[in-house]
Amino acid sequence: MKDLESHNKLTWKQYLIVASLLFGLFFGAGNLIFPLHLGQLAGAHWSTAAVGFLITGVLLPLLSVLAVAITRSEGVYDIGKPLGAGFAVVFMVLIHATIGPLFGTPRTATVSFTVGVAPFVPKNMQTTALLVFSALFFAAAFGFSYHQNNILSNVGKVLNPLFLALLFLVFVVAFVNPLGNPQTATVTAAYKHSALVNGFLEGYNTMDALAGLAFGVTVVTAVRSMGQTKPKSVSKVVAKSGVLAVLAIGFIYLLLILMGAMSLGRFHVSDNGGVAFNQIVNEYGGVFGQVLLAFLLTITCLTTAVGLVAAFAQDFHKHFPKVSYHTWLALSCLASFFTANFGLDQIILWSTPMLMFLYPLSMVLILLSVTSPLFKKDGVVYFFVILFTVVPALGDMVVAFPSVVSQSSFGLMVVSWRNNLPLANMGLSWLVPALVGAVIGLVFHYARRNKKVAQVEE
């Protein structure tokens, strides 16, 4: 048996391939534009803001991968299962809908179009061009993810190295000829005194903590295709590869944030990171730079789209097996295509409230999963933490909605109630209640355990 296990042991090259897959699945358009915009917003306070961003943009995704490894889960459903099958299914559907057809997947097409392609298209042709581009984009995503066993090869070996080479070229040019001094860059009002917290909240936009849970099934399938069939071996490979992937992502985030702060030497703070990237690339490369940017964004967005539609189809086929993987895949691509044509601004506007609700739930579930061996994965601990988290998270969601909801009579009532909670002004009203829930849950857990021990001794 030992000889067989030794024979199946992965080489470092294979670990790097899995890490490359994880990197490609995580790193999409948002991972390029949000840290860059954060650098512009934070200015001279870029380093403090970067710490906050790295917590939600790097540490949490790493913990989500470790949660999948430690609990030997195969996807987001297993992460929520200690709270019951009903909760697990609802949580899975909400996560996949948010990072999938409703917001995350359509954003991969709209960002690559808005930033990379739209500058070459006349304004009166933008709507038609987006329709054509998004149709071709999701047709390509469907093709790359059609054969499940080829996802590792397509993303880990082909698309991702190409993207990294192009991004490296952008960094070399930007840092050899900096546009300004980041230490003297202007700091926007929000980042003068709350750079850490605002950087933390900005990390929500990457959706990577949610994606880490959802990508579990895709990564596990890929690892098994490499001959790793035992749960312990799969978990080990996922954990090691996850560390490598997120360290690389964290390094790129720091460079992007710094590049954003440096760009203030030449430009004002832009409306979003896509505009900033466009300005920087045009400054250095002109039309050639814009073509490079269009290609770069399309490649990185496509890698993420492949992972998102595949994870959606794999998880939904597993839990609703009467519908085939390929049918779920087609439905995901088709729904994403329709949503993408509402445009980037509308997608970002309506995704923020869902992230304010789902991120707190995902964060506490990730932390509970990672620490679950300490309390034997007892459902009572999960119950109290989620119970005390979900209510303030719903309040944060209502506050984040567009004014048609947040300024309605119902919205104002929720705002009034939610503002009484600790840290509400920072968008973290769920944090203290979640800690209280954890204490109560652990008290119940240890009280029940001690009672059982006492009964056995009697």
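The values are calculated or read from the model by the stated rules, or taken from the named source; none is laboratory data. Not measured: the values here are computed from a predicted model. Neighbour counts are summed over all protein chains in view; Cβ atoms, including those assigned to glycine, are modelled from backbone coordinates with ideal geometry. Calculation scope for accessible area: heavy atoms of the full protein, side chains included, ligands and nucleic acids excluded. Shrake-Rupley method; radii C 1.70, N 1.55, O 1.52, S 1.80 Å.
Packing, as the average of other Cβ atoms within 10 Å across residues, places the peptides 81-94, 191-204 in the order 191-204, 81-94, highest first. With the alpha-carbon atoms of segment 10-340 aligned to their principal axes, the span from lowest to highest coordinate is 55, 42, 38 Å, starting with the largest. Eigenvalues of the alpha-carbon gyration tensor of segment 194-265, scaled by 5 and square-rooted, set the equivalent ellipsoid semi-axes at 33, 13, 9 angstrom, largest first. Oblate is the label for segment 1-93, because the ratio a/c of its alpha-carbon gyration tensor axes (a ≥ b ≥ c) is 1.5 or higher and a/b is not greater than b/c.
Of the solvent-accessible surface of segment 10-340, computed with a 1.4 Å probe over protein heavy atoms with every protein chain present, carbon and sulfur atoms account for 69 percent.
Legend: residue pairs LYS9/LYS236; LYS240/LYS377; LYS322/LYS377; LYS13/LYS318; LYS232/LYS322; LYS9/LYS230, Cα-Cα distance threshold 21 Å; pairs beyond threshold, LYS240/LYS377; LYS322/LYS377; LYS13/LYS318; LYS232/LYS322.
Think of a 1.4 Å ball rolled over the protein heavy atoms: segment 26-170 then has 35 Å² of accessible area per residue. Taking 0.36 nm per residue of separation and subtracting the current Cα-Cα distance, fully stretching the chain between ILE348 and ASN181 would add 57.1 nm.
Figure note: PHE103, PHE383 ranked by solvent-accessible area, largest first, 1.4 Å probe, ligands and nucleic acids not counted: PHE383, PHE103. For a Förster distance of 60 Å, can you work out the FRET efficiency between the beta-carbons of LYS232 and HIS268, rounded to the nearest 0.05? Between LYS232 and HIS268 the formula returns 0.65.
Remark on ALA185: its backbone amide H falls under 5 Å from those of ALA44, a criterion applied only to residues 5 or more positions apart or on other chains, H modelled at 1.01 Å from N.
Here the sum of -39500 (n - 2.57) over DSSP H runs of 4 or more residues, divided by the residues of the chain, equals -24000 deg cm²/dmol at 222 nm, to the nearest 500. At an R0 of 60 angstrom, the distance between the Cβ atoms of VAL132 and VAL436 translates into a FRET efficiency of 0.70.
For segment 220-373, the extents of the C-alpha atoms along the principal axes are 54, 36, 33 Å, listed from largest to smallest. Length available on full extension from ASN124 to LYS377: 0.36 nm per residue minus the Cα-Cα distance, which gives 85.4 nm. The alpha-carbon atoms of segment 352-457, seen along their principal axes, cover 61, 23, 19 angstrom, with the largest extent given first. Whole-Hz Karplus values for segment 227-242 come out as x, 8, 9, 6, x, 5, 5, 4, 4, 5, 5, 4, 5, 4, 5, x Hz, taken residue by residue from phi with 6.51 cos²θ - 1.76 cosθ + 1.60 and θ = phi - 60°; glycine and proline positions read x.
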